[in-house]
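Encoded as structure tokens, the structure appears first; notes follow it.
A short reminder: the numbers here are calculations on the coordinates, not readings from a lab. Because the structure is predicted, anything quoted here is derived from the model rather than measured. Please note: Cβ atoms are built from the backbone with ideal geometry, for glycine as well, and neighbour counts cover all protein chains shown.
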Amino acid sequence: MAYDADNIFAKILRDEIPSTRVYEDDEFIAFRDIAPSAPTHIIVIPRLRDGVAPTGPAGLADEDAAMVGRLVLTATRIAEEQGLASEGYRLVMNSGEAAGQTVFHLHLHILGGGRLGPVA
Ligand code: 5GP
């Protein structure tokens with residue numbers, strides 16, 4: 001699947017759609033999910049590189065391995081900053097429509113702030 005530079009998260013990156021950003025650096029931004037599935041629900045996404053981002057887990061290549069590692073580490077730091085770490089939190093990455101992926105720009109969900117139900 002080709003990356004669509006007009007997907008919702010690309011528009012959030014360009015501030016064409018407003019979002020509540022909780023973190024940003026040179027490589028990632030994080031913002032609150034518009035329809036939270038937990039008391040705290042944050043989305044972490046990579047910025048575009050050469051105008052594109054991976055569409056999701058299924059769009060990753062070997063060369064993305066270090067970036068994905070930094071994405072997870074960044075999410076753990078955000079979870080710590082947001083006060084989720086002591087109680088516990090969940091990191092989720094959906095792949096494909098059957099799994100519920102609706103936005104095809106790689107993203108990691110941080111869910112926490114309360115007791116979460118079973119994953120499946
Ligand atoms: P997915 O289902 O693709 O794994 O996750 C996409 C997430 O993006 C969903 O949890 C959905 O609520 C969130 N989302 C969709 N549109 C917007 C938006 O315009 N703003 C924000 N902040 N989140 C959005």
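Things worth noting here:
- Spin-label model, Arg47/Asp25: points 7 Å from Cα along the beta carbon direction are separated by 1.2 nm.
- For the chain, calculated [θ]222 nm from helices alone, where every DSSP H run of n ≥ 4 adds -39500 (n - 2.57): -6000 deg cm²/dmol
- Take 90-101, 34-45 and order them by the average number of nearby Cβ atoms within 10 Å per residue, most first; the result is 34-45, 90-101.
- Mean separation of Cα contacts under 8 Å (6+ apart) over length of region 8-112, as relative contact order %: 31 percent
- In plain terms, if you count all Cα to Cα distances in the chain and split them into 10 Å steps from zero, the share in each step is 13, 47, 34, 6 percent.
- Between 0 and 90 degrees, the angle of helix 65-81 with respect to the longest Cα principal axis of the chain falls at about 30 degrees.
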